[in-house]
Amino acid sequence: MDLLSFARGPALQFAIGVFCFGVTWRLAILLFTPQARDLTPARKGALPSPIAGGREVFRRMWPEIHPTGSNMFTTINGYVFHLGLAVIVFGFAPHIQLIKSIFGTAWPSLPNFVIHIAGGVTIASLIAALVKRLTSPVLRLISTLDDYISWAVTIAPLITGYMLVGRLIQPYNTALAVHILSFVVLLIWLPFGKLMHAFIVFISRARTGAYLNHRGAQL
Amino acid sequence: MTKDRTLGEHMSRRGISRRAFGKYCAYLASTMALSPKMAPAMAQGLAAARRQAVIWLSFQECTGCTESFTRSYSPTLEDLIFDFISLDYHHTLQAASGEAAELAREQSMEENKGKYIVVVDGSVPTKDGGVYSMIAGHTNVDILASTIENAFAVVAVGTCAAFGGLPYAKPNPTGAVAISELVGNKPLINIPGCPPVPEAMTGTIAHILAFGSLPELDDKHRPLAFFGESIHDRCYRRSFYERGLFAKSFDDEGARKGWCLYEVGCKGPIAYNTCATTKWNGGTSFPIQSGHTCFACGSPNFWDQGGFYKSLPSRTSSIGTVAGATAAAGVALGAGAALIAANRKKQYSKET
Amino acid sequence: MSNLIDRRAPENTTPFVTGLADAVLREIAELLDTLIETGETGIIDLHSLPMTDADRDMLKEGLGEGEVRVDLDVAGPSRIEETGTAGVWWVRHEGADGRIAAELIEVTRIPEILLSHPDDIREGRTRLREHLDEAGETGTEELAE
Ligand code: SF4
């Protein structure tokens, strides 16, 4: 079996297995672990919890720059690479084809030059994020190995993808295999590290929103 | 014996001048992307060479490679290759049969020890002692081993010989293997394709004749001159690919406008071959130009790439079952763990 | 059946100018320099350049039309023309079916393929001599009768 067949076949299959297992496992623990009931009565004027939770999810989507501008970089940069990733994953024709072959739906793709630009910007943005993490004393102190691994497995498919379309690895078959394998690594790591935020972020925001609302905090 | 004469002498007896060599080599240099300055030296080498003894072995194959080989395009120019080589053994083309045919093979091997070229088409079955393909009572494995022993080089033509091809496709009932598995360190050239482009076969042989050495090969033993670039890299529909203009089916507006065939299953990006430049049938066309996808017939495992009409990035293995089963296991384990924890907590609070 | 086939040419093959003609002309000028200074000949394989029809026309125009035109019949037709730029030859080899097998620009006093090859000359002489000898023999036989 050549590398490409391995990457597209068993490797991808295995990674998807690990991914599905990991994600459902962690979500199940989160959702099935009984929580201590909050027995306090809700504050006056508090919204019903689901609404408060939902509102918090949307409220936090809107960037909020601190008056001192201290979080300016992390906020903007965070948006840049998240949006960049979305454009690449959901806008590039080959990616749409993969999604179509799994979920059966497809949508129009973006021209390649848009993807190339998004790729360049996203890579730059991720590198900037790492530089920030390494140079800011506070960020550095609270960073764990998880952060660095999560960063690496996120940027890896971008870089291998760039090498693939830019023909920096020859032949194409090998380049494609390497790109798929880097995605395989990402899939395997995702449920077990901080990248799991992709699934948990809205749950935790909703819960925080509901909790604070219950306590009468002004948001 | 005519074999003692140089090709130059041989041809001039037939009224073919040295200009024909010059023209042939100009053509060869051009198709092989060699510097045109090399053409005169090649012509010189070719004229001074002896007629090349070629033994053609056909194993698990469909004879498509031979059909292709004999259709090298121009009846005058390209046909010269048949004057340059002496095809001493070839099931389909030789007049002799039975004992006489086998004798011709042995005789040529004896006379041209260390100098003859063995061309192989078809893969070799190895399962059950190799009984699935036998010639004159001998297995393909044995015939190959004895024939290449004193050969100068082995040329595996067609994807079956080069990479196993169709017989090798799942579930490979005969235990077929590519020729590369059986040649040890004999010099090997692979010219894959189903069938290979005729010019790639004749060009490679002519190159050996003119230079007395193998052409430059890639890591899969393919001549770089013909297999150095992918179909996608030389495809005239490439600009549509870049612009994201794809045919969604073979009869839609996009297909009529000649847009890229990526989404209907084109494997051009992983297909290393010369079809897009050399083309077929005397430069008439090639599959993509005729409106069909490329299915990478010259690539290893092309038959098992998940389907000719499934796009290249499509999954090649079933994912649904794996995803479902692992997700179920995840939920069960996660929920189980959560409940156990809850139980323990209850017990703990009871105890205290 | 034929109505199923779309015979329209693919959209992007409409001729357009890529600027290659200009590059080739510059290269030819340099090869001419070399030919004049050192006598070394030069050659360009047009087949290896992705030239459009329009590029080709531009190149032809740039070189002009010359005085010499030779048709060869060597394993299919070939046409060799000196362009309007002396020393620059346009060589076109075809197979029997008229497809271009090779197309070259040669920068030289005369393309080598036009010169008789020494081996061919020797072969020609041998054949002529054999013919003369045969004729001589038959001649004596006739006399003897
Ligand atoms: S038709 Fe195939 S080879 Fe041509 S550009 Fe599209 S994907 Fe590439």
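Every number here is computed from the coordinates shown, using simple stated rules; none is lab data. All figures in this text were calculated on a predicted structure; none of them were measured in a lab. Reconstructed Cβ throughout: ideal geometry from the backbone, glycine too, with neighbour counts over all protein chains shown.
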Open item on the list: What whole-number distance in Å separates the alpha-carbon centres of region A:92-128 and region B:116-183?
Closed with: 43 Å
TODO: Indicate, rounded to the nearest 5 percent, the antiparallel portion of the DSSP beta bridges found entirely in region B:69-218.
DONE: 30 percent
- [ ] Choose one answer from B:ALA26, B:ALA151, B:ALA328: the residue with the largest mean-square fluctuation in a GNM of chain B with alpha-carbon springs under 10 Å.
- [x] B:ALA328
TODO: Place a +1 charge on the Cβ of each Lys and Arg in chain B and a -1 charge on the Cβ of each Asp and Glu, then give the dipole magnitude about the Cα centre in debye, rounded to the nearest 20.
DONE: 1260 debye
Open item on the list: By the 4.7 Å beta carbon criterion, which cysteine residues of the protein assembly as shown come out unpaired?
Closed with: A:CYS20, B:CYS25, B:CYS62, B:CYS65, B:CYS160, B:CYS235, B:CYS260, B:CYS266, B:CYS275, B:CYS294
Task: Degrees, to the nearest 10: B:98-111 long Cα axis against longest axis of chain B - done: 80 degrees
Open item on the list: Could you tell me the center-to-center distance, by alpha carbons, between region A:1-58 and region B:199-263 in angstrom?
Closed with: 46 Å
- [ ] Determine which aspartates and glutamates satisfy two conditions relative to B:LYS310: a Cα distance under 19 Å, and not lying fewer than 8 residues away in the same chain.
- [x] B:ASP251, B:ASP252, B:GLU263
- [ ] Taking amide H positions as placed in the peptide plane 1.01 Å from N, state which residues far from C:THR83 in sequence (5 or more) or on other chains have amide H under 5 Å from it.
- [x] C:VAL88, C:TRP89, C:TRP90
TODO: Counting only C-alpha contacts under 8 Å and six or more residues apart, can you give the relative contact order of region B:229-352 as a whole percent?
DONE: 21 percent
- [ ] Work out the charge dipole of region A:140-219 with +1 on the Cβ of Lys and Arg and -1 on the Cβ of Asp and Glu about the Cα centre, then indicate which of A:GLY193, A:GLY209, A:ALA175 is farthest towards its positive end.
- [x] A:GLY209
Open item on the list: Using the crude model of +1 on Lys and Arg Cβ and -1 on Asp and Glu Cβ, and no other charge, please compute the dipole size for the protein assembly as shown relative to its Cα centre, in debye to 20.
Closed with: 6480 debye
Task: Links that overshoot a 20 Å alpha carbon limit, given the list B:LYS127/B:LYS170; B:LYS115/B:LYS220; B:LYS127/B:LYS186; B:LYS186/B:LYS279; B:LYS37/B:LYS186 - done: B:LYS115/B:LYS220; B:LYS127/B:LYS186; B:LYS186/B:LYS279; B:LYS37/B:LYS186
Task: Label point distance in nm, B:GLU351-C:ARG79, each placed 7 Å from Cα along Cα→Cβ - done: 10.1 nm
Open item on the list: Modelling each spin label as a point 7 Å along the Cα-to-Cβ direction, I'd like the B:ALA337/A:ARG59 distance in nm, to one decimal.
Closed with: 3.2 nm
